[in-house]
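Before any comments, here is the structure.
No lab work stands behind these numbers, since they all come straight from the coordinates. Every value quoted in this text rests on a predicted model; they were computed, and no experiment measured them. Cβ atoms come from the backbone with ideal geometry, glycine included; neighbour counts cover every protein chain shown.
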Amino acid sequence: MAGPVTVGKSDHWGSRFGFIMAAVGSSVGLGNLWRFPYIAGEMGGSAFILIYLGCILLFGFPVLMAEYALGRHGQRSSIASIRKIVTENKKPIAWVGMGWLGAIASLLLFSFYIVISAWVFDFVPQAFLGGFSGFDAAASGENFGETTSNKLEIFFYMCAFLALNVFIVARGVHGGIEKAAEILMPLFFVMLIGMVIFAVITGDAARTVEFLFTPDFSKITFDTFMAALGQAFFSLSVGSCVMFTYGAYLTRDTNIPKNAGLVASADTLVALVAGFAIFPIVFSAGLNPEQGPGLFFVTMPVAFGGLPSFVGGIFFTLALFAAFTSSISLLETGVSWLEDQKSIGRVKGAIGLGVIMFFMGIGYIWMPEMIDHASFLSGDVMLPLGGVLIGIFAGWVVPKSILENELGKGIHLEIALVLLRFVVPIFISIILILGMIGKFFPDGG
Ligand code: PFF
């Protein structure tokens, strides 16, 4: 009988719709609603967005396909799949380190993601109870400051969010993650469209179009490239082997290139559409698009200030749903590894990792400045680095026959291979190195 280390995943996505909702659910999250608008705002808008789209197409998309392909071939957690591929093909076992890097990155991401989600959670009752009524920019800024410094309250919301994550992941892929995504994601899309219609009608849509789509190339620096690259990987959920994990639950009849294309397009569209839900209000309220991480939490309440309270309540509830379907994918990566590598059951694995994340989360609540560092290290450094490794691994180490088998033969495979072999490793390495130099030696010193 095969032991737990050698069996493939027995749990699978129940339907194509379920997989798409779970995969889009992982990608669409706070990265689209919170991180993308504020980084685009800080980086001058349009020029950043152009580079961001390039990063999605040239780097993010091929890595996403490779993660699904290798995950489905391996049929195990990311670390176990990589171990299987290297032992079967007599390649250096050191490649397993790539899986470790991914697992550490995803848990680091999860550790601060639950705190930002707790801020969103806190905003739900505030909005429903009419707490934003009559808000102007100054009052809203003050409210956000008060919310994040009310540590006990944030602690409470973080515990609730974390407990829900543990509960759903413990229930399994089909019975937990897929079910949650199938319900939450369609609701999210309906609400987002409603928000955009409202923002475009009541806000300054013309300035938003100019801000998002008229590139000002004088704003581009190496920082712009690094931020766009990190955001592309963060938003697509690639580079940390999370999609490797989701790929392991794919059935054989799923067309990976087509579905990867769908996931990447949906994610990119939601980021741009979220810009149209936020920036028209930013401009019409006379707010500054460069205000950083607070952008989402300060501007949206201003928009809701003059509306019936349930509108804001529903919006923050849906942002919370989007955050939730992303965070469960991060936790799943760790639980899946514990499950088939260490033979620890899902329930124990989810609770065990939940306890570790609980203590890390407390650290961020009391030292919020650490969130910036964790976000930079995991999002802007570890994910692109993971992308470089996945590119080299899929392009040079894994036999081509495996990719042919998973992705199908044809021109799309040849293009993907060129991107994975050359474009991803070379260009991402250059961006990472120059971006780090620019960050740590800003004056060229
Ligand atoms: N893609 C998610 C978002 O946009 O919020 C965050 C995320 C999930 C990043 C899973 C990385 C990951 F592996």
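Annotations
- Scaling against 2.2 N^0.38 Å puts the C-alpha radius of gyration of segment 309-427 at 1.44.
- Karplus-derived HN-Hα couplings along segment 29-43 (A = 6.51, B = -1.76, C = 1.60, θ = phi - 60°), whole Hz, x at Gly and Pro: x, 5, x, 7, 8, 9, 6, 4, x, 6, 6, 4, x, 5, 8
- Projected label points at V397 and N255, each 7 Å from Cα along the beta carbon direction, are separated by 3.1 nanometres.
- If you take all other residues with their beta carbon under 15 Å from the beta carbon of P257, and give Lys and Arg +1 and Asp and Glu -1, the sum is 0.
- Its relative contact order, with pairs defined as Cα atoms under 8 Å and 6+ residues apart, puts the chain at 37 percent.
- Order of S375, S26, S343, S429 - criterion: other Cβ atoms within 10 Å of each residue's Cβ, fewest first: S343, S429, S375, S26
- Order of D204, D216, D380 under a 10 Å beta carbon neighbour criterion, fewest first: D216, D204, D380
- For the chain, the residue among S111, S81, F276 whose Cα projects farthest onto the positive side of the dipole built from Cβ charges is S81.
- A compact globular protein would have a Cα radius of gyration near 2.2 N^0.38 Å; the ratio found for segment 134-176 is 1.76.
- Residue-span extension gain [W100 to S218] - 0.36 nm each, minus C-alpha spacing: 38.6 nm
- Orientation-averaged projected area, Cα convex hull of segment 253-312 (nm²): 6.0 nm²
- Using a Gaussian network model of the chain in which every pair of alpha carbons under 10 angstrom is joined by a spring, one finds that among I430, I20, I154 the greatest mean-square fluctuation is at I430.
- Magnitude of the charge dipole, the chain, Cβ model with Lys/Arg +1 and Asp/Glu -1, debye to 20: 1600 debye
- Relative contact order computed over segment 306-445 (Cα-Cα under 8 Å; 6+ residues apart), in percent: 16 percent
- Three principal axis lengths of segment 34-83 [C-alpha, angstrom, descending]: 43, 21, 12
- When the chain is treated as a GNM with alpha-carbon contacts under 10 Å, the residue of E153, E339, E414 showing the greatest mean-square fluctuation is E414.
- Quarter of Cα convex hull surface for segment 152-311, i.e. mean projection, nm²: 12.6 nm²
- Most mobile listed residue (T224, T251, T208) in the chain, GNM with C-alpha springs under 10 Å: T251
- Note on segment 1-118: the C-alpha convex hull projects to 10.1 nm² when averaged across all orientations.
- Between the beta carbons of H412 and F156, assuming R0 = 60 Å, the FRET efficiency works out to 0.80 to the nearest 0.05.
- Normalised by 2.2 N^0.38 Å, with N the number of residues, the alpha-carbon radius of gyration of segment 222-346 equals 1.34.
- Simple Cβ-charge dipole of segment 18-141, Lys/Arg +1 and Asp/Glu -1, about Cα centre, in debye nearest 20: 780 debye
- Entry for segment 383-438 at q = 0.16 Å⁻¹: log10 I(q)/I(0) = -0.50, Debye formula applied to identical alpha-carbon scatterers, no solvent contribution.
- Here the alpha carbons of the chain define both size measures, Rg and Dmax, at 21.0, 67 Å.
- Alpha carbon convex hull of segment 94-188, volume per residue in cubic angstrom: 154 Å³
- Distance-filtered residues of segment 148-168 - backbone nitrogen under 14 Å, label point 7 angstrom along I351 Cα→Cβ: 163, 166-168
- For segment 55-112, size of Cβ-based charge dipole, Lys and Arg +1, Asp and Glu -1, in debye: 240 debye
- Selection from G408, L420, G387, by position along the positive dipole direction of segment 362-420 (Cβ): G408
- The three principal axes of the Cα atoms in segment 174-234 give end-to-end lengths of 50, 33, 10 Å, sorted in falling order.
- In straight-distance terms, cross-link reach from K219 covers every one of the lysines whose alpha-carbon lies under 24 Å from its own, apart from those fewer than eight places away in the same chain; here that gives K439.
- Lysines whose Cα lies under 28 Å from that of K84, excluding same-chain neighbours fewer than 8 positions away: K9, K258, K342, K348, K400, K409
- Calculated Rg and Dmax of segment 197-262 using C-alpha coordinates, Å: 18.1, 48
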